[in-house]
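Comments concern the structure below.
The numbers here are math on the coordinates, done by the rules we state, and not lab data. Every value quoted in this text rests on a predicted model; they were computed, and no experiment measured them. Backbone-built Cβ (ideal geometry, glycine too); neighbour counts: all protein chains shown.
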Amino acid sequence: MPARYDAIVVGSGPGGASVSHTLARHGQRVLVLEQGSGAPLRGTLAQMAGIGAIPGKGAFFHRDASLLVRGLATGGSSTLNFATAAAPPLERFAALGIDLAPALAECHAELPIGQLPDELLGPMARRIMQAALSSGLPWQKLDKMIRPAICRTGCWRCVYGCPYGAKWTARDLLDDARLRGTHILDNAQAMRVLLDQGRAVGVEYLRDGSLHTVHASVVILAGGGIGSPRLLHASGLAPRSLPFISDPVVAVMGAVDDIDGGAEVPMAAGMALPEEGLSFADLTLPRPMYQAFALQVGRIDRLFAHRRTLSIMVKIRDLAGGGIGPRWVDKTLQAQDRERFRRGTALARRILSQAGARHVFQSWHFAAHPGAALAVGSGGPAAVDSDLRSATPGLYVCDASVLPAPWGLPPTLTLLALGKRLGHRLQDFL
Ligand SMILES: Cc1cc2nc3c(=O)[nH]c(=O)nc-3n(C[C@H](O)[C@H](O)[C@H](O)COP(=O)(O)OP(=O)(O)OC[C@H]3O[C@@H](n4cnc5c(N)ncnc54)[C@H](O)[C@@H]3O)c2cc1C
């Protein structure tokens, strides 16, 4: 392994994989450091649990603190995510001096993005959609990053990490980058950014119990909405406890008598109400996850009703707040967030009632989109500029931590486009 690269990318989620892949296509020598494992996805609960969940501070003790879920593995959270593709808010980025349209067009040309064909829409998603439409709501199929020809009906494994290759993950880009000469080290945790006269010149990382150093012309942090702020702090380049967003979610559930299901692609259809800061989708999850929700709120009577229970995801666009410490995250709902959940869950209950569901209950909230701690153009203490450059020369950030706050959308497609744009723009510097 060479001691010097054109670029070191820390983290291999959508942002890191996209920028690595684009740089590799331009012929750059790239090293990707990923703290998680690159073991093949098996689609099992045991593997999924090992890839990760992070409790928010106090998450198990009071209901306003978020349980934050993220994937620590080659491919980052894309290994576990629900594969919903939402278009980036192009006008919002344009106002920040970022034209994302060309990179987005490249993503659309290269990636499997589209609605599921009707036969892959499960009976639960279908029932919820019918109920929402008959209530006059703009519910529709969502774009997914799934290859329909490989996807199976009656399958839930995408939630644990699709073992069939039907669900797109950032590993697809990494595999191609590897063929173009990119070195990808898994189980390699970056400990700090190396500086020389105030410029980022490399990374110190831990692998197999030993510390190593590696150097490059540029360092790109892509450790995700929690990982990159932590690494900046560990390198003495950002204050501790930067506020962030998480797009928290509640599942509202109710049983029907005439469906025997429980195994289908989640978030097949839904609707967004941007003015209200709310979005909704069907959310059929595997039985152990459903049972965890029921247990969490003491609904032992619903434990064995998984195959008959319709579930609606209510997601809010939350206010930035809380903080990210070296070993903890703290994201507690604020009054406006609670009010949004009150309105969103009331609407979900109306849809379930229209669908004929009874015994309705809801989970506590949890979240899977930590981000915006280094928000582009925010002027915050560690914000990046429109080229995703940090205040430290030679150091860039390309992951959910640069998203502008508040957010409220599935972020993956935006991060892929940001990674492509950064990869192209870095050609001028390398
Ligand atoms: C259950 C779930 C469902 C989701 N569903 C959707 C969805 O349907 N649609 C959507 O768009 N989004 C969804 N998301 C969110 C989406 O997957 C994330 O927003 C996205 O993956 C974030 O990408 P990222 O580039 O910020 O990095 P991440 O995916 O967070 O990856 C960062 C990687 O960096 C690594 N890392 C961190 N620190 C270090 C370090 N110091 N050294 C080395 N490596 C490090 C981590 O191990 C991780 O692998 C979901 C997320 C989850 C958890």
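Using only the Cα atoms of segment 1-41, build the gyration tensor, take square roots of its eigenvalues as a ≥ b ≥ c, and label the shape rounded, prolate or oblate: rounded if a/c is under 1.5, else prolate if a/b is larger than b/c, else oblate. Oblate shape, in that a/c is at least 1.5 and b/c is the bigger or equal ratio. Return, ordered by residue number, the residues of segment 348-368 whose backbone nitrogen is under 17 Å from a label point located 7 Å along Cα→Cβ of Arg92. Zone members listed by number: 368. Positive contributions from Lys and Arg (+1) and negative ones from Asp and Glu (-1), summed over other residues with Cβ under 11 Å from the Cβ of Met48, come out at +2. Of the residues Phe93, Phe429, the one with the fewest other Cβ atoms within 10 Å heads the list, and the complete ranking is Phe429, Phe93.
Across segment 334-343, coupling constants 3J(HN,Hα) worked out from phi with the 6.51/-1.76/1.60 Karplus curve, θ = phi - 60°, read 9, 4, 5, 5, 5, 5, 4, 4, 4, 5 Hz, and Gly and Pro carry x. Helix 14-25 axis versus longest C-alpha principal axis of the chain: approximately 40°, rounded to the nearest ten.
When only alpha carbons are used to place a centre, segment 242-310 and segment 159-217 end up 34 Å from one another. Answer rounded, prolate or oblate for segment 159-251, using the Cα gyration tensor with square roots of eigenvalues a ≥ b ≥ c: rounded when a/c is under 1.5, else prolate when a/b is larger than b/c, else oblate. In terms of gyration-tensor shape, oblate. Considering only Cα atoms, the convex hull volume of segment 327-371 works out to 101 Å³ per residue. When the P(r) of the chain is calculated, the portion above 42 Å amounts to 11% of the C-alpha pairs.
Could you list Thr412, Thr182 so that the one with the fewest beta carbons within 10 Å of its beta carbon is first and the one with the most is last?
Ranking Thr412, Thr182 by Cβ neighbours within 10 Å, fewest first, gives Thr182, Thr412.
Taking amide H atoms as placed 1.01 Å from N in the peptide plane, the amide H of Met191 lies under 5 Å from those of Glu204, Tyr205, Leu206, each 5 or more residues away in sequence or on another chain. Estimated from helices alone, the mean residue ellipticity of the chain at 222 nm is -8000 deg cm²/dmol (sum of -39500 (n - 2.57) over DSSP H runs with n ≥ 4, per residue). With bins 5 Å wide beginning at 0, the percent of Cα pairs of segment 210-311 falling in each bin runs 2, 9, 14, 14, 10, 11, 11, 9, 9, 6, 3, 1, 0. In a shell of Cβ-Cβ distance under 12 Å around Pro123, excluding Pro123 itself, what net charge do Lys and Arg (+1) and Asp and Glu (-1) give? Local net charge: -2. The ranking of Arg92, Arg327, Arg349 by Cβ neighbour count inside 10 Å, starting from the fewest, reads Arg327, Arg92, Arg349.
Placing pseudo-labels 7 Å out from each Cα toward the beta carbon at Arg207 and Ala149 gives an inter-label distance of 3.6 nm.
Karplus-derived 3J(HN,Hα) values for segment 82-97, using 6.51 cos²θ - 1.76 cosθ + 1.60 with θ = phi - 60°, are 8, 6, 8, 10, 10, 5, x, x, 4, 5, 5, 5, 4, 5, 9, x Hz; glycine and proline are entered as x. Based on the inverse mean of 1/r over its pairs of different Cα atoms, what is the Kirkwood hydrodynamic radius of segment 257-307, in Å? Kirkwood radius, segment 257-307: 12.6 Å.
Below 8 Å, C-alpha to C-alpha, sequence gap of six or more: please give me the relative contact order for segment 121-181 in percent. It comes to 27 percent, rounded to a whole number. Here, segment 355-397 yields an orientationally averaged convex hull projection of 5.6 nm² when only Cα atoms define the hull.
To the nearest ten degrees, helix 287-296 and the longest principal axis of the Cα atoms of the chain are 80 degrees apart. For segment 350-430, the calculated P(r), taken from all Cα-Cα distances in 5 Å bins from zero up to the bin holding the longest distance, is 3, 13, 20, 17, 13, 8, 6, 6, 6, 5, 3, 1, 0 percent.
Quick one: grab the alpha carbon gyration tensor of segment 208-264, order the square roots of its eigenvalues as a ≥ b ≥ c, and give me rounded if a/c is under 1.5, else prolate or oblate depending on whether a/b is larger than b/c. The partial results should precede the final answer.
Numbers: a/c = 4.11, a/b = 2.40, b/c = 1.72.
Taking the square roots of the gyration eigenvalues as a ≥ b ≥ c, segment 208-264 is prolate.
Comparing Cα centroids, segment 105-156 and segment 381-404 end up 34 angstrom apart. Counting only Cβ charges, +1 for Lys and Arg and -1 for Asp and Glu, the dipole size of the chain around its Cα centre is about 800 debye.
Once the Cα atoms are used to define both axes, helix 101-110 deviates from the longest principal axis of the chain by about 70 degrees.
Across segment 286-430, the fraction of Cα-Cα pairs farther apart than 19 Å, rounded to a whole number, is 65%.
Taking the Cα centre of the chain as the origin and placing charges on Cβ (Lys, Arg +1; Asp, Glu -1), which of Leu347, Ala268, Pro406 is farthest toward the positive end of the dipole? So the residue furthest toward the plus end is Leu347. Under 25 Å of direct C-alpha separation, and excluding same-chain neighbours fewer than eight residues apart, Lys420 reaches these lysines: Lys144, Lys167. Taking every C-alpha pair closer than 8 Å and separated by at least 6 residues, the mean separation divided by the residue count of the chain gives a relative contact order of 25 percent. In segment 102-213, the alpha-carbon atoms span a convex hull of 218 Å³ per residue. Expressed as a whole percent, the proportion of Cα-Cα pairs in segment 1-150 lying more than 20 Å apart is 68%. Taking the Cα centre of segment 127-203 as origin and assigning +1 to Lys and Arg Cβ atoms and -1 to Asp and Glu Cβ atoms, the resulting dipole is close to 300 debye.
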